[in-house]
Amino acid sequence: MKALVTGGAGFIGSHVVDRLVDMGYDVVVIDNLSSGKKEYLNDSAEFIHADLSREVPEIKVDEVWHIAANPDVRIGSESPAEIYDNNILATFNLLEMMRKVGNDRIIFTSTSTVYGEAEVIPTPEDYPTVPISIYGASKLACEALITSYCHTFGMKSWIYRFANVIGRRSNHGVIYDFIMKLKKNRNELEILGNGEQNKSYIYIDDCISAMFWGLKSDEAVNIFNIGSDDQIMVKKIAEIVSEEMGLSPRFVFTGGRRGWKGDVPIMLLSNEKLKKLGWMPKYSSEEAVRKAVRDLLDDLS
Ligand code: NAD
């Protein structure tokens, strides 16, 4: 079997590549290294340095794992065009390449932010999608392009809506931010918002196992939430990071319910659909956070 992994030099993508290589796949990675790192690339994978928003090399494969994107929810309010190019345009270009060469299976990494501020918690997959961030909107647009290509051109898709994914090689998000801030100033930690944002965090190993588990479902379009079964507050994450770094900083809150424009302060996804196929997350949000803090301190040492 041969797989193309876009974004295979990034955090989640590099773990997917490692798993595919372990399973005996031939793997080709396309990445523009905007946030990915060559050192994360599995030695057995072929690497093509390309920007999906400009050109997509034509490659015939059995599966396309489309993981490349600009994953930073925060930059959406400052540079919507950057999100459009790297998420929507890149996905359109990739689908066109797939249509031309006859690739017919795509696995796509979407996000909890497609739901916006859901009133039903845990939020199931059939809840209305009303994103409040440019990033969430871009991922929903990608989902729509993918499902339309499936129905129009006979492709199959697996669309995974992730909670916050954390662990080794992660280079953005709240844990990374807290560690970097504390490395600069051990005495004070700025926390965006009021610290009461309460969300689900899934450890990378659970996320990867869920992505492969979901392939057991074989509809034209297979949509699954992937998260842990509980939530953790941002101020608790700040406490865990401080404790693991052996520090007791003063917490300074910027205030307000949201950490940034488009931040969804309360998020927990229903995992029931994937659980019916037999998948279970191993770690709670708190366990995932503690493991991820140790991983990142190790990565950054
Ligand atoms: P990441 O930044 O580590 O990985 C993204 C990769 O895509 C990087 O290697 C980057 O260099 C590459 N890339 C970006 N734009 C590209 C382009 N135009 N052409 C080619 N390569 C490009 O981020 P991640 O956290 O590993 O996220 C992976 C995917 O999962 C993204 O689609 C993201 O939206 C999605 N996701 C992540 C989370 C999370 O918590 N990490 C949550 C929900 C969804």
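Values in this text are rule-based calculations from the coordinates and carry no lab data. Since we're looking at a predicted model, the values are computed, not measured. In this analysis, Cβ positions are derived from the backbone assuming ideal geometry, glycine residues included, and neighbour counts consider all displayed protein chains.
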- [ ] Please give the contour-minus-distance gain from ASP62 to VAL101: 0.36 nm per residue of separation, less the Cα-Cα distance, rounded to one decimal in nm.
- [x] 12.9 nm
Open item on the list: Given the DSSP H assignment, sum -39500 (n - 2.57) over each helix run of at least 4 residues in the chain and divide by its residue total; what's the result at 222 nm in deg cm²/dmol, nearest 500?
Closed with: -10000 deg cm²/dmol
Task: For segment 158-168, 3J(HN,Hα) per residue [Karplus equation, 6.51 cos²θ - 1.76 cosθ + 1.60, θ = phi - 60°, Hz, x = Gly/Pro] - done: 10, 10, 10, 9, 8, 6, 6, 9, 9, x, 3
Open item on the list: Past the 26 angstrom mark, what percentage of all C-alpha to C-alpha distances in segment 1-150 do you count?
Closed with: 25
TODO: Using the structure shown, select from LYS38/LYS273; LYS100/LYS275; LYS156/LYS199; LYS2/LYS276; LYS181/LYS291 the pairs with a Cα to Cα distance greater than 27 angstrom.
DONE: LYS38/LYS273; LYS100/LYS275; LYS156/LYS199; LYS2/LYS276
Open item on the list: I'd like the per residue volume of the convex hull spanned by the Cα atoms of segment 152-301, given in cubic angstrom.
Closed with: 120
TODO: Pop out the ³J(HN,Hα) list for segment 176-184 in order, Karplus 6.51 cos²θ - 1.76 cosθ + 1.60 with θ = phi - 60°, rounded to Hz; leave Gly and Pro as x.
DONE: 4, 4, 4, 4, 4, 5, 6, 5, 7
Task: GluC sites (Glu not before Pro) restricted to segment 12-89 and DSSP loop, no more than 16 other C-beta within 10 Å - done: GLU55, GLU58, GLU78
Task: segment 1-54 - percent relative contact order, Cα under 8 Å, separation 6 or more - done: 39
Open item on the list: Below 8 Å between Cα atoms, with a sequence gap of 6+, how large is the relative contact order for segment 1-152 in percent?
Closed with: 21
Task: Computed lengthening from SER148 to VAL221, 0.36 nm per intervening residue step minus Cα-Cα distance - done: 25.3 nm
TODO: Evaluate E = 1/(1 + (r/R0)^6) for ASP43 and LYS282, where r is the Cβ-Cβ distance and R0 equals 22 Å; express this FRET efficiency to the nearest 0.05.
DONE: 0.20
Task: Largest to smallest principal axis extent of the C-alpha atoms in the chain, angstrom - done: 57, 42, 39
Open item on the list: Just to check, using Stokes-Einstein with a Kirkwood Rh over alpha carbon pairs, what's the diffusion coefficient of segment 225-277 at 20 °C and 1.002 mPa s in µm²/s?
Closed with: 156
Open item on the list: Given contacts defined as C-alpha pairs under 8 Å and at least six residues apart, what's the relative contact order of the chain, whole-number percent?
Closed with: 18
Open item on the list: Let's test this: bin the Cα-Cα distances of segment 182-225 at 5 Å from zero up to the farthest pair and state each bin's percent.
Closed with: 5, 14, 14, 13, 13, 12, 9, 9, 7, 4, 1
